[in-house]
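The values are calculated or read from the model by the stated rules, or taken from the named source; none is laboratory data. On a predicted model such as this, the values are computed, not experimentally measured, just so you know. Don't worry about glycine lacking a Cβ; one is built from the backbone with ideal geometry, like all the others, and counts go over all protein chains shown.
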Amino acid sequence: MKPRAFSEQTLRFAIPLGVCLIATALYISTLMTHISGCGHEYCMDVGEFQVALSLWGTVHHTGYPLYMLLGSPFVTALRFLGVPPAAGASLYSTVWAVLAIGILVLLIHRISGNIWLAGALGLLFAVLEPVWVHGVIAEVYSFSAFLFLGTLYLTLDLRERWSDRKGWGLAFIGGIGVAHHRLLGVALLPISLFLFPIALRTWRAQRSLLPVLKWFGVAIPCFLAGFLPYLDIPLRIRLGTSWFYNRADTWEGFWHIFWAREVSGLMKPATAWAQWESALKSIGETLISDLTLPGLILIGLSALRGLGLSKTRPAASFVVFTGAAYLIFATAFHRAVLLQATLLAPLITFFLLLGIGLGSLGRRGSVLGTILCLGWAGWLGVKNYPFVISLTRDPTSVHYIAVVEQTDAPPGSVIMAPWGRDYFALSYAQRVEGRMPQWEIVDHRANFRALLEENPSRRGIYTHFSTLFLFGPEWWAERLGKPLRITSAGPEMVMLTPRPLNPPESSGIPVGDGIVLNDWKIISIQPGVLHVILYWSATHAPSKDYSTFVHLTDQDEITRPEDLVAQVDYAAPVYGWYPTSQWVLYETIREDRIIRFPPERAPQTLFIGMYWRDENGAFHRLGRIALKNIESTWVSVP
């Protein structure tokens with residue numbers, strides 16, 4: 001009997017550990033190691049956490065104080081060991097995700113009595129899309145899952161044997177959970193209703209009201225003590241962090257973040273049936289995507305099985321009630337929190353129900369359930385891997401930083417990026433990696449007029465041309481003044497200014513309708529890539545808006561379609577944002593074009609010009625300039 005007992009004890013340790021090691025290996029292999037370039041909802045705040053954790057800063061509502069309090073030293077310690085802060089912030093999520101998976105395995109084993117089934121369900125849980133994603137990006141929800149599972153474990157432990165001290169511990173953990181994310185407060189009602197009869201039975205045995213008063217007298221301060229990490233926010237600001245969210249440096253701003261007043265409009269419950277219907281549809285589609293329809297049916301049958309057996313009914317009832325509370329919240333407050341994050345708690349309860357239901361089927365049923373879950377985990381892993389990799393390996397922000405670094409802007413210039421992914425990327429590059437120290441980087445809330453006035457040498461505000469899709473020329477004109485000039489400042493970059501642009505340095509070559517090409521530069525960046533810079537001006541107001549083109553050929557003339565080696569056309573100059581009808585006379589407007597061509601076709605002639613389309617859609621060329629033998633005139637980048 002002793003060897004068997006030892007073997008069972010070993011399995012109870014080895015299987016949860018093995019599941020955690022497998023999850024760790026999987027998550028590290030798909031970890032986000034650079035600044036987030038992901039545009040998915042999952043990654044909306046990842047860049048902010050990557051920067052804030054590195055700089056010991058503060059973040060958006062509701063502040064996530066304990067997450068930040070523990071995370072900054074974690075990221076800093078890894079940085080000393082050579083791990084980039086962006087990767088360290090992701091590893092921080094990995095730690096909490098793996099710990100959450102370990103607790104889930106232990107919890108399922110506790111309620112099912114089958115360690116193999118618990119391990120299989122743990123692996124299945126690890127490869128669920130939202131669990132996997134939040135285990136490899138810098139976000140708060142893996143920590144939320146850890147706190148939620150810890151709370152459930154302690155709750156079930158207290159149900160078996162009530163202890164005032166453990167109850168106070170649960171109150172403290174509940175306070176920590178709610179302070180971390182208000183979403184965890186949804187579980188407080190099911191937990192209270194589940195434990196109250198046990199606690200009441202214990203107190204009644206003492207035949208006195210005093211134990212009840214004593215317990216609540218200690219439990220309430222314990223719960224409130226969970227909010228103490230909020231003191232870390234003003235402490236960080238007092239110690240001089242360079243990164244704090246909004247007005248967190250004032251008490252008014254602190255409470256604004258604490259109560260999430262910025263998004264108070266999203267906290268209103270759905271009132272119309274159409275809103276409920278839409279929310280239920282989204283929830284159903286998300287759960288089917290995560291678990292498949294047969295999987296949801298199996299979970300439903302497991303819940304019925306657990307509720308139908310007297311032995312498992314109390315735990316199953318509690319789990320069902322808790323999951324239902326979160327599903328109701330997700331339906332009523334559909335816009336309050338990212339749906340995939342809200343559904344993490346129901347997903348956890350679903351896995352507990354699977355453990356209860358499959359574990360009650362006897363030895364043979366449990367074995368089949370274990371095999372089924374392992375196969376299910378393998379299939380989900382293969383299915384979700386490409387999606388996870390597409391998020392964590394997205395190079396968008398890395399490319400964005402590289403583009404901005406090439407901006408032709410003098411030291412002291414202001415670079416604007418909208419708050420969000422782009423601003424986080426530039427802030428990470430400058431504040432964490434020490435790049436672009438010569439520029440001031442701001443977001444869209446800056447006072448641009450004041451920034452120009454405080455330094456007369458500043459020519460304008462620089463930004464990526466895509467910014468104008470969010471904040472168009474009229475938005476900029478309201479903040480900078482009119483007439484607003486827009487000119488290129490390098491590939492994909494523009495400068496916006498109310499100040500006059502430089503006058504033309506030469507009379508140039510007329511293109512037509514008062515438009516002149518004053519100068520140009522051709523730079524060979526690498527084999528097959530040319531950087532063409534054009535300098536335009538207008539001697540009188542153009543009569544219409546013209547499109548611009550740059551066409552490349554390896555012939556003297558383009559007479560056949562195959563003669564056109566490469567081309568770049570824009571509906572209007574400066575990436576489409578500065579129509580010729582808005583040009584101020586005798587000012588130089590710059591355009592940058594990147595032209596990629598097959599290296600085996602040696603460029604011979606570059607055609608530059610403008611055209612327009614009539615009301616019938618027909619094209620009409622305004623004028624064209626041919627630059628011959630360009631290979632002998634271009635400048636090569638070393």
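Scanning segment 287-311 for residues that are within 29 Å of residue 193 (Cα to Cα) and of a type in the set (S, T, N, Q) turns up 302, 310.
Among the residues of segment 517-532, those that are over 14 Å from residue 625 (Cβ atoms) and either more than 43 Å from the chain's Cα centre (by Cα) or crowded, with 17+ Cβ neighbours inside 10 Å (or both) comprise 530, 531.
Checking the stated criteria, residue 548 turns out not to satisfy the condition of being polar (S, T, N, Q) and assigned by TED's automatic domain parsing to the domain that holds residue 406. Taking the listed residues 449, 431, 445, 435, the one that is in a helix (DSSP H, G or I) and under 25 Å from the mean Cα position of the chain (by Cα) is 431, with no other qualifying.
One residue alone among 370, 331, 322 is among the hydroxyl-bearing types (Ser, Thr, Tyr), over 26 Å from the mean Cα position of the chain (by Cα) and farther than 16 Å from residue 190 by Cβ, and that residue is 370. Out of curiosity, is residue 139 part of a helix (DSSP H, G or I), under 25 Å from residue 247 (Cα atoms) and charged (D, E, K, R)? Against the criterion (part of a helix (DSSP H, G or I), under 25 Å from residue 247 (Cα atoms) and charged (D, E, K, R)), residue 139 does not qualify. Residues being surrounded by 17 or more Cβ atoms within 10 Å (Cβ to Cβ) and free of Cβ contacts under 8 Å to residues at least 24 places away in the same chain are entirely absent from segment 441-450.
For segment 518-527, the count of residues that are in contact (Cβ under 8 Å) with a residue 24 or more places away in the chain, assigned to a loop (DSSP other than H, G, I, E, B) and over 29 Å from residue 399 (Cβ atoms) is zero. Of the residues making up segment 271-310, those that are in a loop (DSSP other than H, G, I, E, B) and either more than 24 Å from residue 153 (Cβ to Cβ) or touching a residue at least 12 places away in the same chain (Cβ under 8 Å) (or both) are 271, 272, 292, 309.
Quick check: anything in segment 29-37 at pLDDT 95 or above, of a type outside the set (D, E, K, R) and part of a helix (DSSP H, G or I)? Yes; the residues of segment 29-37 include at least one that is at pLDDT 95 or above, of a type outside the set (D, E, K, R) and part of a helix (DSSP H, G or I).
Within segment 141-174, being touching a residue at least 12 places away in the same chain (Cβ under 8 Å) and among the hydroxyl-bearing types (Ser, Thr, Tyr) holds for 141, 142, 144, 151, 153, 155. Among the candidates 381, 359, the residue that is modelled with pLDDT under 95 and in the same structural domain as residue 121 (by TED's automatic domain parsing) is uniquely 359.
Here the condition is being assigned to a helix (DSSP H, G or I) and within 19 Å of the chain's Cα centre (by Cα); of 98, 59, 105, 133, it holds for 133 alone. Scanning segment 228-244 turns up no residue that is within 28 Å of residue 334 (Cα to Cα) and among the polar types (S, T, N, Q). When 195, 184, 170, 209 are checked against the criterion of being outside the structural domain of residue 442 (by TED's automatic domain parsing), out of contact with any helix residue (DSSP H, G or I) (no Cβ under 6 Å at 6 or more places or on another chain) and hydrophobic (A, V, I, L, M, F, W, C), 209 stands alone in meeting it. Would segment 235-254 turn up any residue that is assigned to a helix (DSSP H, G or I), within 22 Å of residue 173 (Cα to Cα), in contact (Cβ under 8 Å) with a residue 60 or more places away in the chain and not assigned by TED's automatic domain parsing to the domain that holds residue 423? No, there is no match, as no residue in segment 235-254 is assigned to a helix (DSSP H, G or I), within 22 Å of residue 173 (Cα to Cα), in contact (Cβ under 8 Å) with a residue 60 or more places away in the chain and not assigned by TED's automatic domain parsing to the domain that holds residue 423.
Here's the yes/no breakdown for (1) loosely packed, with under 12 Cβ neighbours inside 10 Å; (2) in a loop (DSSP other than H, G, I, E, B); (3) of a type in the set (D, E, K, R):
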{"site": "578", "(1), (2), (3)": "no, yes, no"}
{"site": "586", "(1), (2), (3)": "no, yes, no"}
{"site": "591", "(1), (2), (3)": "no, no, yes"}
{"site": "606", "(1), (2), (3)": "no, no, no"}
{"site": "611", "(1), (2), (3)": "no, no, no"}
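Okay, residues lined up against (1) of a type in the set (Asp, Glu); (2) closer than 23 Å to residue 231 by Cβ; (3) not in a helix (DSSP H, G or I):
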position	(1), (2), (3)
158	no, no, no
162	no, no, yes
167	no, no, no
171	no, yes, no
176	no, yes, no
179	no, yes, no
195	no, no, no
198	no, no, no
